Each structure stands twice: as C-alpha cells, then as structure tokens.
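Below is one structure, written out as structure tokens, with a few remarks after it.
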Amino acid sequence: MTRNEQSERDVGENLAEARALCERLDETLKNCASKLVGDVSTRRVTELEERVKEMEEEMREVKEELRNLSPTPLWKVVTDKQYKDIFETHILSKLDDLSFRVFREVNTESRDACRRSGRKLRETFGLTTYSGNPPVTKKTTIKIEGKEAQRYFCSEAARMGNLALVRWLREVKKFDWNELTINEAAENGHLHIVTYCTEQKCPRGSLPCACAAKSGHLDILKYLHENGAPWNLWTCTFARKNNHLECLNYAKENGCQNDTHVPQH
C-alpha cells in the first residue's frame, strides 16, 4: 500500500469515527434535554446544563474537523462522472509537464485521471556538467524515475520560480533533491528559492555561483558568496563569456579563481 493510499484510508476512517461521534452526541443531547423536563434538583439541572454546553462545543469541533477532512467542491471536478471528461480533456491537457507530473502524485484519484487522459510524458532529461582545467563540458541523459524523478521535480520547480511547489515537494512529499535545484534557481534569477535552498541545506556543489554569473544575477552571486557557497574558475568563465562584467569584476575582486584559458577581453 502506498503512502497516498494509506493516507486516504486514514481519512476515511477518521470521517467514519467523527460521524459516529456526532450521532452519539446528538443522542446524549436529547437525553439531557428530556431529563431537564422532569422534576430534578437545581444542582442537577446546573450540572446537566454545563454538560450540554460542553457537548455542544465538542459537536462544533467535530463538525469543523469533518469540513476539513471532506473533499473540497473543486475536487469533485476530478472525481464526479459528469465532470471527468471535461477535466481530463480540457484541463489536464493544458498543464505543463511538471504540473502534470506533480498532480499525478497527489493520490489514487489523480493518478487514475492522468492515466485515463492518455498523455505521454518524456522519460528522460538532459544534464550538462562542467569540470576540469581547461574547462570541459559533459552532457548525459538521465531517466526520470525513482530518486532521479524526485530530484527532477524539485529542480524544475526551482527553475520556474515556484517556491510553494518546492516547499510542498520537500516538506509534504519528502522528495529528494540535489545541487540541480539551487543551480536552476541561481541561473534563472530566483533569489527567494536560492535563499530557501541555502537555509534548508540543499546540496550545492561548486556551480551555483557559476550559474548566477552565467545569467548576470549579481545579487544572487553576492548572496551565495557571502553565505559560503564555493566558487571556482567557472564563475569567471561564464561571466566573461556572457559579457556580465559586474559579476566578473565582483568575482575577481573577491578572490575568485580566474580562467586563464579563456581569452581576456
């Protein structure tokens, strides 16, 4: 049984228990009311009135919990037969690749909807790595499955600048991540995600500074350097190749290794 299926079963059990409790509370309230009608002592009446108030408060709490556990009206678009065709044909088809993949991971109902839609997703993604002196690039192809799929989701959410999604993937779904997440955030100018990655101890390797310099994001380059991110000749290389002189000068002035293998301009 998957974590999502277990969660759905737990919610169903909680709903059943809550409804049973509501029924018991209703019955007890009726009994209390009938007892008040009879000839009982003032002290007993007071005790019963206090108990009724306590149970009414418990009833309000239970009903609030039921509202929280029940599916939202919007979710009926996914599950109700009268909306399924509309949702799967006209909504799922409009989602970008990452949003579709994330929605598919929500629960059993979302996976069923995605499967019925018949949408085909690419199975691999390309990864470029940099190493050596003189600098050498290497391109590899990685299959989107298992831990690699989780890391891919996190890096794509970071590339898009969607901090809420990055947090959900990490804190709710417990997805794994690697240096690609902070690299994508740095290269695409998302300082808020770079900050989150840094605070949450995301693996960062030696390229975040180079990625920031590559796109000319001086604010991110400064933040990374001031927060202990390592840099190397790739920072100067990318800044120079892409004519980001502010990033290049900042790196050189702060002791970054300069790449002597790239022609100086």
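So how many residues does the range 234-261 have that are in contact with a Pro (Cβ under 8 Å, 6 or more places away or on another chain) and surrounded by 22 or more Cβ atoms within 10 Å (Cβ to Cβ)?
2
Which residues, counting only those in the range 191-203, are in contact with a Leu (Cβ under 8 Å, 6 or more places away or on another chain) and not aliphatic (A, V, I, L, M)?
His192, Tyr196, Thr198
Would you kindly identify the helices (runs of 4 or more DSSP H) lying entirely within the range 179-225 that contain at least 1 residues that are over 16 Å from Met160 (Cβ atoms) and of a type in the set (Gly, Ala, Ser)?
Of the helices (runs of 4 or more DSSP H) lying wholly inside the range 179-225, those with at least 1 residues that are over 16 Å from Met160 (Cβ atoms) and of a type in the set (Gly, Ala, Ser) span 208-215.
All but one of (1) touching a strand residue (DSSP E or B) at 6+ places or on another chain (Cβ under 7 Å); (2) over 29 Å from Asn162 (Cβ atoms) hold for Trp234; state the number of the condition that does not hold.
Against the list (1) touching a strand residue (DSSP E or B) at 6+ places or on another chain (Cβ under 7 Å); (2) over 29 Å from Asn162 (Cβ atoms), Trp234 comes up short only on (2).
Coordinate-derived values only; no laboratory data. Here the structure is a predicted model, which means the values were calculated and not measured. Backbone-built Cβ (ideal geometry, glycine too); neighbour counts: all protein chains shown.
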